[in-house]
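S.K.: Here you go, one structure.
The values are calculated or read from the model by the stated rules, or taken from the named source; none is laboratory data. Not measured: the values here are computed from a predicted model. FYI the Cβ positions are ideal-geometry reconstructions off the backbone, even for glycines, and counts take in every protein chain you see. What goes into the accessible areas is simple: the full protein's heavy atoms, side chains included, and nothing from ligands, DNA or RNA. Shrake-Rupley method; radii C 1.70, N 1.55, O 1.52, S 1.80 Å.
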Amino acid sequence: MKGIDLCYHQGDINWKEAARSGIEFIFPRDGWGTDSIDKKFLQNTREAQEAGIRVPGVYHFIYAINLQEAIQNAIKAVENVRKAKLPQSTIIWCDLEYDTVENAKSRGVTLTAQMQRQFAEAFCNYCLAQGYCTGIYLNADYLVNVYGKDIINEYDIWLADLSGDPDYPCVYQ
């Protein structure tokens with residue numbers, strides 16, 4: 001299956017042409033942090049579906065310095081998914097990565113690996129409690145050095161790995 005992830009940075013997309021080119025699904029960014037919605041999220045979701053492209057999930061970029069903010073990120077993600085009228089089967093991917101750490105540092109907080117895992121788990125657990133599917137978007141470095149490989153046994157994984165076949169079990173690559 002051929003799919004893409006996207007956000008407003010990709011600009012306006014001709015979804016009929018995307019479908020003709022073989023795109024079968026998208027993972028749009030719904031938003032980031034505790035109070036945002038991606039400028040193109042609702043438009044991309046609607047237009048992709050109208051062109052026959054599935055939206056099995058969305059990703060939410062995490063900006064948090066404590067567990068409360070991690071959960072507020074999840075609350076916003078669920079709110080955005082509901083605005084888009086996506087079904088309960090929608091996967092809400094937790095996207096917590098290097099920029100999350102830099103953002104926290106700019107706010108005076110050094111995020112440890114343990115804190116980052118706790119934030120991701122709190123985000124995912126909130127989405128699950130709301131009846132949505134959930135998972136974690138990460139790269140191999142984050143899998144090994146931040147979350148720990150055992151996270152694979154707890155959540156679905158979307159692995160950012162452009163080097164060929166995935167090095168670790170994952171639902172999407």
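S.K.: In the Gaussian network model of the chain, springs joining C-alpha atoms below 10 Å, which of Tyr98, Tyr126, Tyr142 carries the largest mean-square fluctuation?
M.R.: So, out of Tyr98, Tyr126, Tyr142, the one fluctuating most is Tyr98.
S.K.: Heavy-atom accessible area per residue, the chain, 1.4 Å probe: how many Å²?
M.R.: Spelled out: the 1.4 Å probe surface of the chain, per residue, equals 49 Å².
S.K.: Note down, for the chain, the three equivalent ellipsoid semi-axes (square root of 5 times each alpha carbon gyration tensor eigenvalue), biggest first, whole angstrom. Please report the intermediate quantities before stating the final value.
M.R.: Details: eigenvalues 132, 68, 43 Å².
In descending order, the three semi-axes are 26, 19, 15 Å.
S.K.: Shifting gears a bit: Once amide H atoms are placed 1.01 Å from N in the peptide plane, what residues at a sequence separation of 5 or more from Tyr63, or on another chain, have their amide H within under 5 Å of its amide H?
M.R.: It is Gly33, by chain and number.
S.K.: Still on this structure: If I build a Gaussian network model for the chain, linking alpha-carbon pairs within less than 10 angstrom, which residue out of Gly22, Gly135, Gly148 has the largest mean-square fluctuation?
M.R.: Per the Cα network of the chain with a 10 Å cutoff, Gly22 tops the list.
S.K.: Springs between alpha-carbon atoms under 10 Å, Gaussian network over the chain: tell me which of Ala113, Ala129, Ala18 tops the mean-square fluctuations.
M.R.: Ala129
S.K.: Describe numerically, in nm with one decimal, the distance between label points set 7 Å from Cα along Cα→Cβ at Lys149 and at Arg54.
M.R.: So the label points at Lys149 and Arg54 sit 3.0 nm apart.
S.K.: Note down the magnitude of the dipole of the stretch 1-105 about its Cα centre, charges +1 on Lys and Arg C-beta and -1 on Asp and Glu C-beta and zero elsewhere, to the nearest 20 debye.
M.R.: Once rounded to the nearest 20, the dipole reads 380 debye.
S.K.: Counting alpha carbon pairs within less than 8 Å and at least 6 residues apart, what relative contact order, in whole percent, applies to the chain? Intermediate values should be presented prior to the final figure.
M.R.: Numbers: 314 pairs, mean separation 29.2, N = 173.
After rounding, I find 17 percent.
S.K.: When the Karplus curve 6.51 cos²θ - 1.76 cosθ + 1.60 is applied with θ = phi - 60°, which whole-Hz ³J(HN,Hα) does each residue of the stretch 2-9 get, with x for Gly and Pro?
M.R.: Whole-Hz 3J(HN,Hα) from phi for the stretch 2-9: 10, x, 9, 10, 7, 8, 4, 4.
S.K.: For the stretch 79-94, take each phi angle, set θ = phi - 60°, evaluate the Karplus expression 6.51 cos²θ - 1.76 cosθ + 1.60, and give the result in whole Hz per residue in order, putting x for glycine and proline.
M.R.: Coupling constants for the stretch 79-94: 4, 5, 4, 5, 4, 7, 6, 7, x, 4, 6, 4, 7, 9, 7, 7 Hz.
S.K.: Projected onto the charge dipole of the chain (+1 at Lys/Arg Cβ, -1 at Asp/Glu Cβ, origin at the Cα centre), which of Thr100, Trp32, Ala113 gives the Cα projection farthest towards the positive end?
M.R.: Trp32
S.K.: Where does helix 113-129 land angle-wise versus the long Cα axis of the chain, in degrees 0 to 90, nearest 10?
M.R.: Once rounded, the angle reads 50 degrees.
S.K.: Counting only protein heavy atoms and using a 1.4 Å probe, what share of the accessible area of the chain belongs to carbon plus sulfur, as a whole percent?
M.R.: Details: 4080 of 8410 Å².
The value for the chain is 49 percent carbon and sulfur by accessible area.
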